[in-house]
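Before any comments, here is the structure.
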Amino acid sequence: MTVSMPISARGTFLLVAALCVTQVAVAQNRASSPSAKHPVAATGGEAPTLNVVEWLQRMHAASRQRSYAGTFVVSAATGNLSSARIWHVCEGDLQLERIEVLSGPPRSTFRRNDHVMTFLPEAKVVKSEKRENLELFPNLLGAPDSAIGEFYSARVVGKDRVAGFDADVVQLEPRDGLRFGYRVWSERRSGLVVKLQTIDGESRVIEQSAFSELQLDPPVKAHVLAQMMSSTAGYRVEKSELERTTPGKEGWALRKPIAGFKPVSCYRRAMGSSADGKPGHTMQWIFSDGLATVSLFVEPYDAQRQSREALLSLGATYTLSRRLTDKDGDWWLTAVGEVPPQTLDAFAQSLVRAR
């Protein structure tokens with residue numbers, strides 16, 4: 001069963017999806033060409049001639065080096081729409097953001113590098129957490145991995161204007177059916193992503209995000225955003241504690257790897273008491289192919305909370321839930337990723353107990 005869901009929840013992640021990258025994750029076997037380390041600036045009216053790694057490096061550098069403010073809109077093929085106002089400031093290695101959601105329940109999110117605080121004014125609650133993987137595009141863990149070229153190709157398909165800025169339109173095409181394609185509008189001078197479309201295997205746009213209004217290098221100061229982020233008077237602060245772990249310690253492994261997806265990190269998350277009254281926990285195992293991410297959440301099966309397997313769609317994100325049974329008992333898997341459903345199914349089929 002596949003269920004279409006509204007886009008407002010996913011909008012929280014994608015409102016800055018075209019502009020930010022993971023700040024602190026440790027990448028494995030990173031390698032990039034000399035030209036990728038020094039992105040080429042566009043001059044005149046011609047787009048630079050770059051391969052997929054170099055295009056992504058250029059976008060990555062722009063999001064790290066430019067401050068901006070603007071209104072960002074996310075829409076899905078189903079017609080759902082969400083928007084937010086974004087302020088992004090770069091000062092050396094410091095990245096600060098404020099995201100004010102303009103649709104749905106009021107919500108303000110602040111990010112200082114990997115520290116994220118979300119203010120929920122109606123509940124008077126602030127959720128504070130560390131996020132190494134922010135599920136953003138381009139989802140580059142530092143410099144782009146040269147292996148990206150094995151799974152995506154890049155080509156310039158045109159020119160356009162977005163929010164008053166000239167942009168090169170770059171097609172990122174997957175080389176297999178395990179990942180979506182992307183059409184990216186890269187601002188001509190800086191490389192900053194100003195518009196993004198996610199394309200499925202039938203060349204349909206299933207999700208789109210873009211600036212409707214944008215100001216580069218606005219007069220926004222980092223210390224002002226930092227003060228706003230720390231102003232929690234009158235709010236109850238809830239901290240989400242994550243414990244680093246390994247799949248092996250948790251007793252899980254993949255029978256065989258999923259092409260292109262490398263393990264990024266693994267955590268234990270505290271959860272409510274299980275049916276027997278004992279405190280429980282959820283394992284979150286995160287994978288990335290350099291652009292798309294997949295998270296596997298595994299916890300003990302509880303018939304009172306988890307009764308039906310399903311496949312849910314939310315824009316370009318799919319969520320698969322499945323019951324797993326082995327000699328150690330029953331488990332509940334929730335696989336989430338901005339990938340085709342067959343990719344989540346491949347992960348579910350490959351996940352096995354390792355002890």
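Brief remarks on what is shown
- Model label sites at TYR235 and LYS221, defined 7 Å from Cα along the beta-carbon direction, differ in position by 2.1 nm.
- Percent accessible area from carbon and sulfur atoms, segment 246-341, protein chains only, probe 1.4 Å: 53
- Per residue solvent-accessible surface (Å²) - segment 59-135, probe of 1.4 Å: 40
- In the full protein context, segment 148-187 carries 41 Å² of accessible surface per residue, based on a 1.4 Å probe and ignoring ligands, DNA and RNA.
- Heavy atoms of the protein chains alone define the surface here; on that basis segment 197-263 has 61 Å² accessible area per residue at 1.4 Å probe size.
- In summary, the lysines within cross-link reach of LYS249, defined as a Cα separation below 29 angstrom excluding same-chain residues under 8 places away, comprise LYS127, LYS130, LYS239, LYS262, LYS278, LYS327.
The values are calculated or read from the model by the stated rules, or taken from the named source; none is laboratory data. Just so we're clear, the structure is a prediction, and the values are computed from it rather than from any experiment. So basically every Cβ, Gly included, is an ideal-geometry build from the backbone, and we count neighbours across all protein chains shown. The area values use the complete protein model at the heavy-atom level, side chains included, leaving out ligands, DNA and RNA. Shrake-Rupley method; radii C 1.70, N 1.55, O 1.52, S 1.80 Å.
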